[in-house]
Amino acid sequence: MYRYDAFDQRIVDERVAQFRDQTSRYLAGELSEDEYRPLRLQNGLYIQKQAPMLRIAVPYGLLNSRQLRRLAHIARSYDKGYGHFSTRQNLQFNWPALEDVPRILEELAEVEMHAIQTSGNCIRNFTSDPFAGVAGDERIDPRPWAEILRQWATFHPEFAYLPRKFKIAVNGAEEDRAVIQCHDIGLDLVRDAAGEVGFRVLVGGGLGRTPVIGKEIAPFVPWRDIITYCEAILRVYNRFGRRDNMYKARIKILVNALGIEAFRAQVEEEWRHSRGGPSTLTETEVARVAAHFVDPDYRTLPGDDTGYRAQLVQDKAFAAWAKRNVRAHKQPGYASVMLSLKKTGIAPGDITDTQLDLVADLADRFSFGEARATHEQNLVLADVEQSRLKELWQLLRAAGLATPNIGLLTDMICCPGGDFCNLANAKSIPVAEAIQQRFDDLDYLHDIGELEINISGCMNACGHHHVGHIGILGVDKKGEEWYQITVGGAQGNDASLGKVIGPSFARVEVPDVIERLIETYLDNRFEDERFIDTARRIGIEPFKTRVYAQREANRKVANA
Amino acid sequence: MPKLIVHGQIRNDDWQVVPAQATELPNGKLIVPLALWREAATRLAGRGPLGVWLQPDDDPAEIADALPSLAVVAVDFPKFADGRGYSTAALLRTRYGYQGELRAIGEVLRDQFFYLTRCGFDALQPPEGRYTDAQLEAALASLADFSEPYQGAIDRPEPVWRRHARGGLAA
C-alpha cells in the first residue's frame, strides 16, 4: 500500500499543529462555536449526544498492521475500548474527549494516518473496491488513482467550502464494488479502443433525502486529464450549487435542475480553459504512486489446494464459513478472507481494541501485513494461502470474527443511529440486533441466501437504506421512532433504489415485517433466485399485501 | 483606520467599501458594489482610483474588460463558509488575467487565510474589530499553515510532484 514520503508526512504533521492551535483558540474563547465547527468537522470531529465522535480516514479502505495496532491503542487509551467501521470505509471513535483530539491526531500522524476531510462540506475520503488488486475481474487497479486523487483533494483551497459534502468513489473492475452510481462523482477505470487508460465519469449520484442514480457525464476522460476534469466539475458545482437549503445543496440537485446536457456543457466550457494545464498528470507521477501497489511476493502454488478441498468436505462448520466468507483470488492457491463484524449482539461494524490487535497480528502472519475495510462494514484479509485458511478460521472464530454470514440477511449495513448520532430520527442498532436475533438459525439464513438489509436512522442515509434489497429508514412521527420499509434497492452494476411499501412501523413490529417479506420471497422465488431478483420480477405488491394483511390481523386480535 | 493584510504585512487601509444599498458616494478612494459600478461607470471614471467589489453570485466576467482600469477588486464573503468567492478569485486570476490587488472582504477569518491566499487573494481584510492588534499579528502565522501543498492553485500553479522530485522517504 501507499507509504508516505517526506511531503506527505509534512502535510499531516502540519495539520496536527494547525488543529492543535485551532482547538486551543476555541477552548480559550477566541474562536466562536460557529467558526470552529467547520474546522473540526474537516478534521472528522463531531459533537455528538454522549461525547465527541472522531472519524478517522482510511483512504479507500487500506490499513497496515502498524496502523491497526495504533487504532487499537487509541481505542484503549482515549475511548471505551472499541471503534466503529463506517459505510465509507472509515473508522469512528465515539467517546474521545475534545481536549485529547490533537494528541490522537499526532498519534495517527506517526503511522501515516489522519482525519482530514472525513466530514464537512468538502471533498471527502475516497472509497474504492475492497478487492482491488486481487479480484479476477479487475480491468485496472483503482488504488494508485484513488491515491493520486486523494492527494489532489487534500486541502484543495478552492473546494473547502462547497455547498455540501462531496464524495468520490473509484472502481476498476467489471463488477462495481464501490457503489460508484451513488456518489457525487463516480469514476470507472476503462480502456479506450487504443488501450489507453481513462475514466468513465458519472456525476450527481447520491443517497440522502433525494436518492439519485448518477448520470454519465463523460464516456472517456484520458488519465492525464482526470484532475483538470474533476476540478471543472467541482468549480461549476461550487459556483452554482444551491446554498439556500442544505437539503437541496448536493450536486445531484444541480445536475437535475440543469439537466445533464446543460451541466455537461458548463463543465466542458470550464475544462476548455484548464485542460492541459500544470495539473495534467505525468507518467512519472503515476508510476511513482503505482509502484506502491505492486503485487506482494506471492508463492508459486498449484491452482487449488488439495488439503483445503479435503478440509471443506470433512468439516461442515469450516465449509459453511468458507462458502460465505472466503472469496476467489486472482493468484493460484490464494484466497481473500472476509472478517464479519456482524455477530449478533454486537453493533454492526463495531470492533474492540483486542480484535484490532488480533487483526493486525493475523494480517502479519497470513496476509502480508495488510487489511482492508469494506463499505459493508466488514474487514478483509486479501492475500491468504488456501492451505492456511483453516488455521486462520480457527483463530478468527475464537475472536468472534468468523460469523459465516457475509452477504446474508444478518450481514446488515447499519449506521450508528439514535444511540450516538445527533442527526438521527431513530435508533438503528437495536433494530439490527432484533432482526439478527429473529433470524439466528444459520441453515435458514443460508436457505434465504444473498440478502442485503440496510438500516439508516435518518434521511441522511449513512446506512445506504435506498440501495438495500430491504431498506429500513428511521423516521420521526410526533416525537416517536418509526420505521419505513423499502424493497427492491440494490448496489452494484445494476444499482436501483428501493420502493416504499407503505405506512411505517413501530420498532417492535420490524422483525415481523422482515419475516413477512422473507416468506413472500420464499413463496414466490424460482429455484436459486435471489431475493432481489424475485422482488424485481414480482414487484412490491405481493410484499406489501402480505405485510399489511398480517398487521391488520394482529391489530384485530389486539383490539378484540 | 481598518487593518488590512497585504502580501503578509499588516497595513492601515485608506479605501472605503461602499455598502450594497448606498445611494450617496462618500469622498475618498472607493470600492463600489458591482451594481453601482454597472450603472454609474462613467460618473465614477473621473474620480480617480476605483475599486469594485463582487458578491458571491456576481459573475466576474462582467468586469473582465474593465480590469486594467481597476485599482482594487474585492470579493465579499458574507459568511466565511460560503466558498463561492474562492472560485471567483481563481477565475479573476486565470481566465481574466487580473494582476492588481485582489481583496477578500466580509467574514474574512484567519483560519481561511491559507486557502484564500492560495486562490489568488493578496489582500485580506478581516471585519473591523474582530481581532485585536496582537491577535492579528498572531494570525499571520496561518498564512503559512502548510509549506508544500499537494495541488496546484493560483499561488503555486504546479502540483507538488512538478515542483519537486518526490519519493524521498519520510524522516
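The values are calculated or read from the model by the stated rules, or taken from the named source; none is laboratory data. Please read these numbers as outputs of a predicted model, since none were measured by experiment. Using ideal geometry, Cβ is built from the backbone for each residue, glycine included, and neighbour counts are taken over all protein chains shown. The accessibility values were calculated without ligands, DNA or RNA, using every heavy atom of the protein model including side chains. Shrake-Rupley method; radii C 1.70, N 1.55, O 1.52, S 1.80 Å.
Identify all lysines with a Cα-Cα distance to A:Lys80 below 16 Å; exclude those on the same chain that are fewer than 8 residues away in sequence.
A:Lys49
Assuming R0 = 45 Å, what is the FRET efficiency of A:Lys316 and A:Ser77, from their Cβ-Cβ distance, to the nearest 0.05? Intermediate values should be presented prior to the final figure.
Working: r = 41 Å, r/R0 = 0.92.
The calculated FRET efficiency here is 0.60.
Once you order the gyration tensor axes a ≥ b ≥ c over the Cα atoms, which shape class does the range A:413-559 get: rounded for a/c under 1.5, otherwise prolate or oblate by comparing a/b with b/c?
Numbers: a/c = 1.57, a/b = 1.20, b/c = 1.30.
Judged from the Cα gyration tensor, the range A:413-559 comes out oblate (a/c at least 1.5, b/c at or above a/b).
What length, rounded to one decimal in nm, is gained on full extension from A:Glu268 through to A:Arg191, with 0.36 nm per residue of separation minus their alpha-carbon distance?
Details: separation 77, 0.36 × 77 = 27.72 nm, distance 2.11 nm.
Working it through step by step, the gained length comes to 25.6 nm.
By how many degrees, between 0 and 90 and to the nearest 10, does the Cα long axis of helix B:84-93 differ from the longest principal axis of chain B?
Rounded to the nearest ten degrees, it is 90.
How far, in nm, would the chain grow between A:Lys343 and A:Glu527 when pulled straight, counting 0.36 nm per residue and subtracting the alpha carbon separation? Write down the numbers at each step before the final one.
Working: separation 184, 0.36 × 184 = 66.24 nm, distance 2.85 nm.
Computed gain between A:Lys343 and A:Glu527 is 63.4 nm.
Which residues of the range A:199-242 show a drop of at least 50 Å² in accessible area when all protein chains are present, compared with their chain alone (probe radius 1.4 Å, heavy atoms only, ligands and nucleic acids excluded)?
Correct list: A:Arg235, A:Arg239.
Modelling each spin label as a point 7 Å along the Cα-to-Cβ direction, I'd like the A:Arg537/A:Tyr298 distance in nm, to one decimal.
About 3.7 nm separates the two model spin labels.
What order do A:Glu541, B:Glu101 take when sorted by accessible area (1.4 Å probe), most exposed first? Don't skip to the end; give the middle numbers.
Values: A:Glu541 105, B:Glu101 40 Å².
Accessible-area ranking of A:Glu541, B:Glu101, largest first: A:Glu541, B:Glu101.
Can you check what the net charge comes to around A:Phe7, using other residues whose Cβ is under 10 Å from the Cβ of A:Phe7 (Lys, Arg +1; Asp, Glu -1)? Intermediate results must be reported in sequence, preceding the final value.
Working: positive: A:Arg10, B:Arg163, B:Arg166; negative: A:Asp5, A:Asp8, B:Glu148.
The answer is 0.
Please compute the modelled spin-label separation between A:Ala28 and A:Glu519, points set 7 Å along Cα→Cβ, answer in nm with one decimal.
About 6.7 nm separates the two model spin labels.
Going down the table (A:Lys499/B:Lys79; A:Lys427/A:Lys544; A:Lys167/A:Lys390; A:Lys248/B:Lys3), which pairs top 27 Å between alpha carbons? Intermediate values should be presented prior to the final figure.
On the way: A:Lys499/B:Lys79 39 Å; A:Lys427/A:Lys544 24 Å; A:Lys167/A:Lys390 38 Å; A:Lys248/B:Lys3 38 Å.
Listed pairs above 27 Å: A:Lys499/B:Lys79; A:Lys167/A:Lys390; A:Lys248/B:Lys3.
Over the protein assembly as shown, average the accessible area per residue using a 1.4 Å probe and give it in Å², no decimals. Please list the in-between numbers first.
Details: 27890 Å² over 731 residues.
Ligands and nucleic acids excluded, the figure is 38 Å² per residue.
Taking each residue in B:150-160, count the Cβ atoms of any other chain within 10 Å of its Cβ, then average. What number comes out? Provide the component values of the computation, followed by the final result.
Values: counts 11, 13, 8, 5, 2, 1, 1, 3, 3, 10, 7.
Mean shielding count: 6.
What is the interface area between chains A and B, defined as buried accessible area summed over both chains with a 1.4 Å probe, reported in Å² to the nearest 100? Please list the in-between numbers first.
Numbers: alone 22140 and 9770 Å², together 27890 Å².
Looking at A and B, the buried total is near 4000 Å².
Given points 7 Å out from each Cα along the Cα-Cβ axis, report the A:Val508 to B:Ala22 separation in nanometres with one decimal.
It is 6.8 nm.
Does the range B:3-163 classify as rounded, prolate or oblate by the C-alpha gyration tensor (a ≥ b ≥ c root eigenvalues; a/c under 1.5 gives rounded; else a/b over b/c gives prolate, otherwise oblate)? Intermediate values should be presented prior to the final figure.
Values: a/c = 2.05, a/b = 1.36, b/c = 1.51.
Note, shape of the range B:3-163 comes out oblate.
Only sites in a loop by DSSP and with at most 12 other Cβ atoms within 10 Å count here; which GluC sites (Glu not before Pro) in the range A:340-428 make the cut?
Numbers: sites: A:Glu370, A:Glu376, A:Glu385, A:Glu391; in loops: A:Glu376.
Loop-located and lightly packed - none at all.
What list of ³J(HN,Hα) couplings, whole Hz, do you get for the range A:348-353 from phi and the Karplus terms 6.51, -1.76, 1.60, once you set θ to phi - 60° and write x for glycine and proline?
Calculated HN-Hα couplings, in order: x, x, 6, 8, 8, 4 Hz.
Relative to the first principal axis of the alpha-carbon coordinates of chain B, what is the inclination of helix B:34-45, with its axis defined by its Cα atoms, in degrees from 0 to 90 and to the nearest 10?
For helix B:34-45, the angle is close to 60 degrees.
Sequence gap at least 6, Cα distance under 8 Å: using those rules, report the relative contact order of the range B:27-109 to the nearest whole percent. Please list the in-between numbers first.
Numbers: 119 pairs, mean separation 23.5, N = 83.
In percent, rounded to a whole number, it is 28.
Can you list the cysteines of chain A that have no other Cys Cβ under 4.7 Å away?
Result for chain A is A:Cys122, A:Cys182, A:Cys230, A:Cys414, A:Cys421, A:Cys458, no neighbouring Cys Cβ within the cutoff.
In percent, what relative contact order does chain A have, based on Cα pairs under 8 Å that are 6 or more apart in sequence? Could the numbers behind the result be given before it?
Details: 1160 pairs, mean separation 67.1, N = 560.
This gives 12 percent for chain A.
Return the carbon/sulfur percentage of the accessible area of the protein assembly as shown, one whole number, probe 1.4 Å, all protein chains in place.
On the way: 13880 of 27890 Å².
After summing per-atom areas, the C and S share lands at 50 percent.
Given the range A:306-398 reduced to its alpha-carbon atoms as identical point scatterers, what log10 I(q)/I(0) does the Debye formula return at q = 0.11, 0.23 Å⁻¹?
After summing over all Cα pairs, the log10 values are -0.30, -1.29.
Within the range A:189-212, find all residues whose amide N lies under 18 Å from a label point positioned 7 Å from the Cα of A:Glu283 along Cα-to-beta-carbon.
Hits in the range A:189-212 for A:Glu283 at 18 Å: A:192, A:194-198.
Tell me, how many Å apart are the Cα centres for the range A:68-95 and for the range A:512-542?
One Cα centre to the other: 37 Å.
Over all alpha-carbon pairs in chain A, figure out the percentage whose distance exceeds 44 Å.
Numbers: 22730 of 156520 pairs.
Here the tail beyond 44 Å accounts for 15 percent of pairs.
Only bridges whose two residues both fall in the range B:3-163 count here: according to DSSP, what percent of them are antiparallel, nearest 5? Walk me through the numbers on the way to the answer.
Values: 6 of 25 bridges.
Antiparallel bridges: around 25 percent, rounded to the nearest 5.
Assuming a ≥ b ≥ c are the square roots of the Cα gyration tensor eigenvalues, decide whether the range A:1-68 counts as rounded (a/c under 1.5), prolate (otherwise, with a/b larger than b/c) or oblate. Provide the component values of the computation, followed by the final result.
Values: a/c = 3.02, a/b = 1.61, b/c = 1.88.
Here the range A:1-68 falls in the oblate category.
As a test of the formula, what do you get for chain A when each DSSP H run with n ≥ 4 contributes -39,500 (n - 2.57) and the sum is divided by the residue count, at 222 nm and rounded to the nearest 500 deg cm²/dmol? Present the calculation step by step, with values, prior to reporting the outcome.
On the way: 18 runs with 213 residues, N = 560.
After summing the helix terms and dividing by residue count, I get -12000 deg cm²/dmol.
Mind checking the range B:90-171 for trypsin sites (Lys or Arg not before Pro) that DSSP puts in a loop (not H, G, I, E or B) and that have at most 15 other Cβ atoms within 10 Å?
Values: sites: B:Arg93, B:Arg95, B:Arg103, B:Arg110, B:Arg118, B:Arg130, B:Arg162, B:Arg163, B:Arg166; in loops: B:Arg95, B:Arg130, B:Arg166.
Listed in order of number, the matching sites are B:Arg95, B:Arg130.
Place a point 7 Å from the Cα of B:Ala61 along the Cα-to-Cβ direction; which residues of the range A:215-248 have their backbone N under 15 Å from it?
A:236-237, A:239-240
Taking 0.36 nm per intervening residue step and subtracting the Cα-Cα distance, what contour gain separates A:Ala553 from A:Leu442 on full extension?
Values: separation 111, 0.36 × 111 = 39.96 nm, distance 2.94 nm.
Contour length minus the Cα-Cα distance gives 37.0 nm.
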